[in-house]
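Worksheet: one structure, shown below.
Computed from the coordinates by the stated procedures, all read-outs in this text should not be read as laboratory data. For clarity, every value in this text was computed on a predicted model and none was experimentally measured. Quick reminder, even Gly has a Cβ in these numbers, built from the backbone with ideal geometry, and neighbours come from all protein chains shown.
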Amino acid sequence: MAGAEKHYIMPRAEFTKPVKIAIVISPYYKDIADNMLAGAVAEIEAAGGSYEVVQVPGALEIPTAIGIAERMSNFDGYVALGCVIRGETTHYETVCNDSSRAIQMLGLQGLCIGNGILTVENRTQAEVRADPSDQNKGGGAAAAALHLVALSRKWGGQRKSVGFLPDADDIILGWHYQGHTHRRTLSGHQNARWKSAASAYLGAGFCSQMGKLPGQTGGIRGRGQVFLDFSNFGP
């Protein structure tokens, strides 16, 4: 039994500025999900964070919902909560492997995710792991997400606002004209058409597909500055 082994638990993550977490949960087994949610909420609140609960039908939809939220909202991190209990078919392996792999791929792209999707042989195992007074896997997943957020802030610098969407001063509009490269922050640019296009570009989740300016490496530079090449956008 996993609970028989003792393991080290890191001190709770600490924050000097607000942290906002999305708890993406599948209530497929409602009582188990509710216990995991209680553990996650308690951990987030203990760290001084805020949260929003997002429900999806099953475990396979959890990483998809996280991907949508990352593109369209401003969460700092994510907690994935669900439960998969082995049945009579190979569907168990499919759900376990695909949900875990998708969450891992999102994590490798830089998202701060605590994976609390239980994969168990029977209901008793799930109940023990979901219970906040026992193994508290929901709280553990929340703690993991919070630690990753703290790590990303340590290395990447904190934003003025909650979330990872760039501030206007960090978005650099660039263009090449008559042999010269020009750069200006989004907040300092007066062209409303350019500013609207840049906002739509970022809001659509294309931050990883930024153009390169001549002589520049493009992409993210410095303290998270985002360069968008508007050379062909017109005046």
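List of remarks:
- Each 5 Å bin from 0 upward holds the following percent of the Cα-Cα pairs of region 17-156: 2, 11, 22, 24, 21, 12, 6, 2, 1, 0.
- Taken along the Cα-to-beta-carbon direction at a fixed 7 Å, the label points for SER133 and MET72 span 4.0 nm.
- Site pair LYS154 and TYR8 shows an inter-label distance of 1.4 nm when each label is modelled 7 Å from Cα along Cα→Cβ.
- VAL54 long-range amide H proximity, modeled H, under 5 Å: ILE23, VAL24, ILE25
- Placing a label point 7 Å from the Cα of ARG123 along the Cα-to-Cβ line, the residues of region 16-56 whose backbone N sits under 17 Å from it are 27-36.
- For CYS96, CYS112, order by how many other beta-carbon atoms lie within 10 Å, fewest first: CYS96, CYS112
- Taking 0.36 nm per residue of separation and subtracting the Cα-Cα distance, full extension of the segment from SER50 to THR16 would add 10.9 nm.
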